[in-house]
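Values in this text are rule-based calculations from the coordinates and carry no lab data. Quick caveat, the model's predicted, so the values are computed rather than measured. Cβ coordinates were reconstructed from backbone atoms using ideal geometry, including for glycine residues, and neighbour counts include every protein chain displayed.
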Amino acid sequence: MKIARIRDSKVQETYGIISEDGKQIVTRSEIQQQTGIPVPPNIKDFMFRGWLEEVREHKSKLKYGHKVSDLELLAPIPNPPKIICLAFNYFDHARDAGLTPSDEPVIFLKPRTALNNPFKDVICPSFVTRLDYEAELAVIIGRETKKVPEDKALDSVFGYMIFHDVSARDIQFKDKQFTRGKGIDTFAPCGPWITTKDEIPDPQKLNIVTKVNGEVRQNSSSSNMVLPIKRIISALSVTMTLEPGDIISTGTPAGVAMSMKEPKYLKDGDTVEITIENLGTIRNRIVFR
């Protein structure tokens, strides 16, 4: 199933279930009316406390009464406990950067204030001179996880979504670490919804494409990850407790601007579109302010 957080025409925040073709939605209040299940107002409670499983049993009763295009899609998780991002977790990206990939996750944390809606502008401070894009597959953790073995790690996954790890390279290179240059407000567009893991039989076989103003910049697959998702979850869970709603963004493939011989950094007015197979598309205009 596809679960989206939305804002309706009355400017009220709610959530709903998206149709298989991604074009229609049934909202929380309609789910309650159509199934008789008193689903909670909080999307995290709905996803992680058993309500979704109960609704799933009545899926045939759902009638999708709204067009997705008529509603504003929001970042699917409003207040994730953690946003964990991996660096250089694709063989081709590490190669372009002249690095040898690590056999353990190399991570940094993004603040939740960086979260942005899937179709909203990315607001970049005017002093940034090298703004870059990074298309990433994000994992949503569905249950508390600690010291999980690899062969059971995917049991902790609730679902997947697209994550755009916007990066101010000039700040990143100056600081010699990632947090400030990647943690600016609006620098984490994501969505357009969360697709539950049952719809993604193999998360290591998803095509990933980034376009800037229609030009393909990244065209790769999650099969090129250095550390697969099960290894990432297992390794992280050894040192930190993973919690329901945690976002783990699994790194970006080759094709980012900084790796080009003549880098094509993002400019004011550019549009970045990221599509991941079976997960949808997000699109954000770049605004320098």
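Okay, here's what the table says:
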read-out	value
Kirkwood-based shape ratio for region 1-158, expressed as Rg/Rh from alpha carbons	1.02
Dipole magnitude (debye, nearest 20) for region 2-74, charges at Cβ of Lys, Arg, Asp, Glu	20 debye
Per-pair calculated FRET efficiency, R0 = 30 Å: Asp268 and Gln12 via Cβ, rounded to 0.05	0.40
Amide N proximity, region 66-83 versus Arg285 label position 7 Å along Cα-to-Cβ, cut-off under 19 Å	69-75
The chain: relative contact order in percent, alpha carbon pairs under 8 Å with at least 6 residues between	24 percent
Cα-projected label distance for Lys261 with Asp21, points at 7 Å along beta-carbon direction, nm	4.6 nm
Alpha carbon convex hull of region 154-230, projected area averaged over orientations, nm²	6.8 nm²
Fully extended contour minus Cα-Cα distance, from Val216 to Arg180, at 0.36 nm per residue	10.2 nm
The chain: proportion of alpha-carbon pairs further apart than 25 angstrom, %	45 percent
Candidates per trypsin sites (Lys or Arg not before Pro) in region 175-271, loop by DSSP, up to 11 other Cβ within 10 Å	Lys176, Lys261
Under 18 Å from the Asp170 label point (7 Å along Cα→beta-carbon), backbone N, region 124-164	124-133
DSSP-loop GluC sites (Glu not before Pro) across region 4-61, with at most 11 other Cβ within 10 angstrom	Glu20, Glu57
Of Lys176/Lys267; Lys2/Lys120; Lys10/Lys146; Lys110/Lys261; Lys44/Lys267; Lys146/Lys182, pairs whose Cα-Cα distance is over 31 Å	Lys10/Lys146; Lys44/Lys267
Principal axis box of region 2-74, alpha-carbon based, largest edge first, Å	27, 23, 19
Proximal aspartates and glutamates relative to Lys211, as straight alpha-carbon distance under 20 Å, when same-chain residues fewer than 8 apart are discounted	Asp92, Asp96, Asp121, Asp132, Glu134, Glu136, Asp165, Glu262, Asp268, Asp270, Glu273, Glu277
